[in-house]
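Trainee: The structure that follows is given in the form of structure tokens.
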Amino acid sequence: MKKKVFIDGKAGTTGLKIFERLGSRDDIEILLIDEDKRKDNAERSKLINSSDIVFLCLPDAAAKEAVSLCTNPEVKIIDASTAHRINPDWDYGFPELSEKHRENIRNSKRVANPGCYASGFISLVYPLVRAGVLPEDYPLTCHAVSGYSGGGNKMIAAIEGNDKTDEMFSPRQYALGQRHKHLPEMQAVCGLKYPPMFNPIVDDYFSGMVVSVPLISRCLAKKYTPTDIHEILSEHYAGQHFVKVMELGGEKTLPDGFLAANTLADTNNMQLFVFGNDEQILLCSRFDNLGKGASGAAVQCMNIMLGIDEATGLD
């Protein structure tokens, strides 16, 4: 029997990508809302409570409202907004972090989908905190570059429109006040005492991102080499389908020594790299901000919640 799925907020970038990923599957029936009733709470409530799985691709306030409309205890909700990512009543949707995370998702009725930047940061930092490499008060810095699709429909329209400004052709750093909405989950999920210094940049290409975290060896509790860090990450993610730790010193295998940010666009894959030397180690996570950073991760969580192969519809 087909599972009934409702995407509340299908018109947004994440909602559209989820719709595309599920559209060709014969095990899914997508429930559609009439265009003129997208904000009709009675109609939304009817579809939410008629579903097996609901994806919320909405602003935070609207996502919380949607949860309040759910009265059917059997409905499973995956929220792609920021609203519930550090809520202890919700399970965090990054199954590769640990078997406990995957098991929680499998048994959950409420899953918070990770943020895109947060996914990259957490993929690198969580295993090192867990292994005792990074103390909870280490002064972490995170640099990241993303395609403009991460800014949603408004930014896509501005950059692809006829009124595109000269500045939009260049990389643009933002969230300069250190209040980016992904910081709380980056801190909470990794178990950090302080949030990292975060420097996100949006650039003039559609999708894909690289998140980078530098480590200074002399500031760690003991001396770690790139080989040590690579072994810890490789062991942590051994056997994972979507998250792969790449060859150590992989800059030798990169085209012209450049780590491009859009290589994994349209996939749900994530690649982790360890660069640098014994004094300065650079960790990088490359993936698609619309894939493992949003819609792909949400569909992967749905598959786990339904008890089927998590790669279904994603390879």
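Trainee: What angle, in degrees between 0 and 90 and rounded to the nearest 10, separates the Cα long axis of helix 116-130 from the longest principal axis of the Cα atoms of the chain?
Mentor: Taking Cα atoms only, the helix is inclined about 50 degrees.
Trainee: Right, here's the next one. What range in the chain is the longest one free of trypsin sites (Lys or Arg not before Pro) that are in a loop by DSSP and have at most 16 other Cβ atoms within 10 angstrom?
Mentor: 224-315
Trainee: Measure nothing fancy, just the Cα-based angle from helix 296-305's long axis to the longest principal axis of the chain, in degrees from 0 to 90, nearest 10.
Mentor: Helix 296-305 sits roughly 70 degrees off the main axis of the chain.
Trainee: Which loop-located GluC sites (Glu not before Pro) does region 86-141 contain, where loop means any DSSP state but H, G, I, E or B and the Cβ has at most 11 other Cβ atoms within 10 Å?
Mentor: Details: sites: GLU96, GLU99, GLU103, GLU136; in loops: GLU136.
Of the GluC sites (Glu not before Pro), the ones in loops of region 86-141 whose Cβ has at most 11 other Cβ atoms within 10 Å are GLU136.
Trainee: Compute the angle between helix 60-69 and the longest alpha-carbon principal axis of the chain, please, reported from 0 to 90 degrees and rounded to the nearest 10.
Mentor: Once rounded, the angle reads 40 degrees.
Trainee: Mind telling me which of THR253, THR141, THR263 comes out most flexible in a GNM of the chain, alpha-carbon contacts under 10 Å?
Mentor: THR253
Trainee: Run lengths n ≥ 4 of DSSP H only: what is the helix-derived mean residue ellipticity at 222 nm for the chain, with -39500 (n - 2.57) per run over all residues, to the nearest 500? Kindly include the intermediate steps, with their values, before the conclusion.
Mentor: Details: 9 runs with 91 residues, N = 315.
Result for the chain: -8500 deg cm²/dmol, rounded to the nearest 500.
Trainee: Related question: In the structure shown, do any of LYS3/LYS39; LYS3/LYS109; LYS76/LYS154; LYS2/LYS76 have a Cα-Cα gap over 19 Å, and if so which?
Mentor: On the way: LYS3/LYS39 24 Å; LYS3/LYS109 15 Å; LYS76/LYS154 29 Å; LYS2/LYS76 15 Å.
Flagged as over cut-off: LYS3/LYS39; LYS76/LYS154.
Trainee: What is the gain in length, in nm to one decimal, between SER68 and SER50 on full extension, counting 0.36 nm per residue of separation less the C-alpha to C-alpha distance?
Mentor: Gain on extension, SER68 to SER50, equals 5.0 nm.
Trainee: Return one quarter of the surface area of the convex hull spanned by the alpha-carbon atoms of the chain, equal to its mean projected area, in nm².
Mentor: So the mean shadow area of the Cα hull is 16.8 nm².
Trainee: Within straight cross-link reach of LYS252, meaning Cα distance under 22 Å, which lysines are found once same-chain residues fewer than 8 apart are removed?
Mentor: LYS244
Trainee: Then there's this: Along each of its three principal axes, how wide is the spread of alpha-carbon positions in region 116-289, in whole angstrom units, largest first?
Mentor: Principal extents (Cα only, largest first): 54, 35, 28 Å.
Trainee: Once you've got the GNM for the chain with C-alpha springs shorter than 10 Å, pick whichever of CYS57, CYS116, CYS70 has the biggest mean-square fluctuation.
Mentor: Maximum among the listed residues: CYS70.
FYI, it's all coordinate maths here, none of it is from the lab. Everything quoted here is computed from the prediction, not taken from an experiment. With ideal geometry, Cβ positions are generated from the backbone for all residues, glycine too; neighbour counts draw on all protein chains shown.
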